[in-house]
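Before any comments, here is the structure.
The values are calculated or read from the model by the stated rules, or taken from the named source; none is laboratory data. Note that the coordinates shown come from a computational prediction; the quantities given were computed from them, not determined experimentally. Don't worry about glycine lacking a Cβ; one is built from the backbone with ideal geometry, like all the others, and counts go over all protein chains shown.
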Amino acid sequence: MDNYWFYAIILAVVIIATLSFYAAKLLRQLTKQKKLQQQVELIRQQGLASHDHKVLASVHIITRAMKEEQCDFSEGCWRLSVLLASLKMSSELDLQFPAIFKLYNEIKHLSILDGRKKLAKTQRMKQDYQRMTLEAQLHSEIVQELDLLQQYTVERMSILKA
């Protein structure tokens, strides 16, 4: 009977040692996996930051061109809205810059490029009038937002570089 307990204790020690070894191995794997996930997330964040930095640089150029009247408001708001919507690390910019997005949303259905060329002259003039009317209505709001947007892009680009 004493041998029975002796073997049972040895078996228990072997089982506990095996389970301890297995648990340690799983903990090492988990640690490796967490470290790998952190590296992948860091690389992903760097990619998003790089993308956003490039987009914001374009936004900054377009904003400056609009302020210097080298780019009309319709085209500028169209480009800005598309670019701002593509940012990965910013959201709700349509709420921060409502006039820019409003002009875009009001004109995005109008014909451009080849589609515009195919329109009858009266239809083109109608669309031009609609575009110019909207630009005039939103002009002062857009001018104010351009200053804010330029400030926003400078701040975001400096944060993304850091």
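Being within 24 Å of the chain's Cα centre (by Cα), part of a helix (DSSP H, G or I) and more than 30 Å from Lys161 (Cα to Cα) holds for only one residue in Ser81, Ser74, and it is Ser74.
Beta carbons closer than 7 Å, at least 6 apart along the sequence or on distinct chains, pair a first residue in region 37-60 that is small (Gly, Ala, Ser) with a second that is surrounded by 12 or more Cβ atoms within 10 Å (Cβ to Cβ) for Ala49/Met89; Ala49/Leu160; Ala57/Met157; Ser58/Leu83.
Each row is one residue, and each column tells you yes or no for (1) of a type in the set (Lys, Arg); (2) more than 16 Å from the chain's Cα centre (by Cα); (3) assigned to a loop (DSSP other than H, G, I, E, B).
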residue	(1), (2), (3)
Leu19	no, yes, no
Lys34	yes, yes, no
Gln45	no, no, no
Ala49	no, no, no
Thr63	no, yes, no
Lys88	yes, no, yes
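Do we have any residue at all in region 132-155 that's on the phi > 0 side of the Ramachandran plot and out of contact with any Lys or Arg (no Cβ under 8 Å at 6 or more places or on another chain)? Within region 132-155, not a single residue is on the phi > 0 side of the Ramachandran plot and out of contact with any Lys or Arg (no Cβ under 8 Å at 6 or more places or on another chain). Take Glu92 and decide whether it is under 19 Å from Arg156 (Cβ atoms) and either over 21 Å from the mean Cα position of the chain (by Cα) or modelled with pLDDT under 95 (or both). So Glu92 fits the description; yes. Starting from residues that are touching a Leu at 6+ places or on another chain (Cβ under 8 Å) and not in a helix (DSSP H, G or I), keep the ones in region 95-148 and report whichever is surrounded by the most Cβ atoms within 10 Å (Cβ to Cβ). Result: Phe97.
Entry remark, region 61-80: residues being in contact (Cβ under 8 Å) with a residue 60 or more places away in the chain and polar (S, T, N, Q) number 2 in total. Scanning region 132-147 for residues that are farther than 9 Å from Phe73 by Cα, touching a Phe, Trp or Tyr at 6+ places or on another chain (Cβ under 9 Å) and not hydrophobic (A, V, I, L, M, F, W, C) yields a single hit, Glu145.
Yes or no, residue by residue, for (1) under 30 Å from Thr153 (Cα atoms); (2) at pLDDT 95 or above; (3) not polar (S, T, N, Q):
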{"position": "Met1", "(1), (2), (3)": "no, no, yes"}
{"position": "Ile16", "(1), (2), (3)": "no, yes, yes"}
{"position": "Gln70", "(1), (2), (3)": "yes, yes, no"}
{"position": "Leu80", "(1), (2), (3)": "yes, yes, yes"}
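Applying the criterion of being of a type in the set (Val, Ile, Thr) and touching a Ser or Thr at 6+ places or on another chain (Cβ under 7 Å) to the residues of region 73-120, the residue that is farthest from Ile62 (Cα to Cα) is Ile107.
Specify the residue that is farthest from Glu69 (Cα to Cα); the eligible residues are those in region 149-162 that are out of contact with any Leu (no Cβ under 9 Å at 6 or more places or on another chain) and loosely packed, with under 15 Cβ neighbours inside 10 Å. Even if it seems obvious, please write down each step before you answer.
Initially, region 149-162 is screened for residues out of contact with any Leu (no Cβ under 9 Å at 6 or more places or on another chain), giving 150-151, 155, 158-159, 161-162.
Checking the rest, the ones that are also loosely packed, with under 15 Cβ neighbours inside 10 Å come to 151, 155, 158-159, 161-162.
On the way: Gln151: 18, Glu155: 23, Ser158: 26, Ile159: 28, Lys161: 29, Ala162: 32 Å.
Restricting to residues being out of contact with any Leu (no Cβ under 9 Å at 6 or more places or on another chain) and loosely packed, with under 15 Cβ neighbours inside 10 Å, the top hit is Ala162.
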